[in-house]
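*Asks:* The following block contains the structure, expressed as structure tokens.
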Amino acid sequence: MTRPEQPDVVIVGGGIAGASAACKLTAGGVSVVLLEKQDAYRDLVRGEWLAPWGIREAQRLGVDDCFSAGGAWEIREWMTWDEAVTEDEVEAVDMTRFIPGIGGPMSFPHHAVCELMAEQAVAGGARLVMDAARIGVVPGERPVVTYRTPEGEHELRPRLVIGATGRGCTVGRQIGVTMRNSMHHWGGGMMVEGMDGWPPDVQAMGTEGDVMFMVFPQGYGRARLYLNFPTVNKHRYRGPGGVERFLAAYELKCLPDRGKAVTEATPAGPLSVWPSVSSVPEGPPLTEGVVLIGDEAGNADTVLGTGLSCAMRDSRTVCDILLDSADWSPSAFAPYVEERGSRLERLDFGASIISRLHVEFGPAAVERRRRVRRLMARNFAAQVTGLLNMVAPEDVPEFGFSEFFAERLFRETA
């Protein structure tokens, strides 16, 4: 077992959250070891959409260049094509106007950006360990991290461990952080190319039949496709022919030319399906010597699309605490725990509204969407939940997170 010079911080997980934290900390003079279980970064069908408020966090972390160099594509408009929306009701929403100086959200290849962030961290002095398997974390005043590589077993004793392993919660489970989980539907995603007939600056979503679809262009005919669907259909896109069935699901009456631009696209990456789970921690996402960030610290339903923006906020907040004080005890992270708890509560509430509105199916759900659309047209305040995709949760008016608001939004007509 090798025992190299002990770092200040070990970050478990080299994704967006962990790699960005490594960049920020090394730039501040903190010694870091970054552990990543993959032997090379590759497409694992993860979130690839960063809201304008997440872009602002990336700038504060000093990693925004990794997005642009990694192929980030600005999305300027949002279209909703839906069976509850007539052709003349479809409107383009300007997505560049929400945060001055930021522009529209970014769509990008996740693995390419992670690789560039890791390279930036290494250039700043971090030690990157790829193919790190069987990672163990023992919390304490001087936590212990063990892992295995092809070269053998290794042990580190840093001052602090940052857990950033995503929804797998590799670190969180070892330190006893439990989650309150709920699942509303299933989701699936795949990268395609050859979508030259799709408007390159337009992201789209909508619901028809028993699928809720999303399209996020990444430029030059590439796009990330997502479907959300009922749990009873969780096996529909698995097994032989699953890719073909996934693409065929975009042959929808509500889409221009019945979705031909999508259905004739070519798969350019793996297809993955998953239960869309919301996980809220039942206690603070930390213990002595360990703090969790990103999805490992809790997450809202993926339908909201704010996971990466939250990861950037978590990374920046925790790094600021570490760089501003020599006190790295659990009490030093109280502001992070409080802000994150409030943020996740709002996002979880907003995701539940969006799921009920867009990822429920059948005649009653179609009529609900029509009625809500009419309400939003009459009263701009009813559109407040839509802001959660674009601006930071604390900047969304508080009334949008009340049970009264939800009741008013979903009240059925007689």
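*Asks:* Is at least one residue of region 155-166 assigned by TED's automatic domain parsing to the domain that holds Thr26, loosely packed, with under 14 Cβ neighbours inside 10 Å, over 25 Å from Pro284 (Cα atoms) and at pLDDT 95 or above?
*Replies:* Checked region 155-166: no residue is assigned by TED's automatic domain parsing to the domain that holds Thr26, loosely packed, with under 14 Cβ neighbours inside 10 Å, over 25 Å from Pro284 (Cα atoms) and at pLDDT 95 or above.
*Asks:* Follow-up question, since we're still on this one. Determine the pairs where a residue that is not assigned by TED's automatic domain parsing to the domain that holds Ser68, located within region 85-110, has a partner that is surrounded by fewer than 18 Cβ atoms within 10 Å (Cβ to Cβ) and assigned to a strand (DSSP E or B) with Cβ atoms under 6 Å apart, the partner being 6 or more residues away or on another chain.
*Replies:* Ala92/Glu77
*Asks:* Related question: With the structure loaded, tell me whether Asp43 is part of a helix (DSSP H, G or I), at pLDDT below 95, acidic (Asp, Glu) and not assigned by TED's automatic domain parsing to the domain that holds Glu394 or whether it fails that test.
*Replies:* It is false that Asp43 is part of a helix (DSSP H, G or I), at pLDDT below 95, acidic (Asp, Glu) and not assigned by TED's automatic domain parsing to the domain that holds Glu394.
*Asks:* Check off (1) over 30 Å from Glu141 (Cα atoms); (2) touching a helix residue (DSSP H, G or I) at 6+ places or on another chain (Cβ under 7 Å) for Pro256 and give me the number that stays unchecked.
*Replies:* For Pro256, the failing item is (2).
*Asks:* Among the listed residues Pro330, Pro335, identify the single one that is assigned by TED's automatic domain parsing to the domain that holds Asn299, touching a residue at least 24 places away in the same chain (Cβ under 8 Å) and surrounded by fewer than 17 Cβ atoms within 10 Å (Cβ to Cβ).
*Replies:* Unique residue meeting the criteria: Pro330.
*Asks:* Taking Glu48, is it crowded, with 17+ Cβ neighbours inside 10 Å and at pLDDT below 95?
*Replies:* Yes: the conditions hold for Glu48.
*Asks:* Moving on to the next point. From the list Ala21, Ala40, Ala17, Ala69, which one is over 30 Å from Asp257 (Cβ atoms), touching an Asp or Glu at 6+ places or on another chain (Cβ under 9 Å) and surrounded by fewer than 21 Cβ atoms within 10 Å (Cβ to Cβ)?
*Replies:* Ala40
*Asks:* Would region 325-345 turn up any residue that is touching a Lys or Arg at 6+ places or on another chain (Cβ under 8 Å), closer than 22 Å to Gln203 by Cβ and in a helix (DSSP H, G or I)?
*Replies:* No.
*Asks:* Give the residue, chosen from Val215, Val232, Val211, that is out of contact with any helix residue (DSSP H, G or I) (no Cβ under 8 Å at 6 or more places or on another chain), among the β-branched types (Val, Ile, Thr) and touching a residue at least 24 places away in the same chain (Cβ under 8 Å).
*Replies:* Val211
*Asks:* Go through region 282-296 and give me each residue that's over 15 Å from Ala334 (Cβ atoms) and within 21 Å of the chain's Cα centre (by Cα).
*Replies:* Correct list: Glu282, Ile293, Gly294, Asp295, Glu296.
The values are calculated or read from the model by the stated rules, or taken from the named source; none is laboratory data. These figures come from a predicted structure and were not determined experimentally. With ideal geometry, Cβ positions are generated from the backbone for all residues, glycine too; neighbour counts draw on all protein chains shown.
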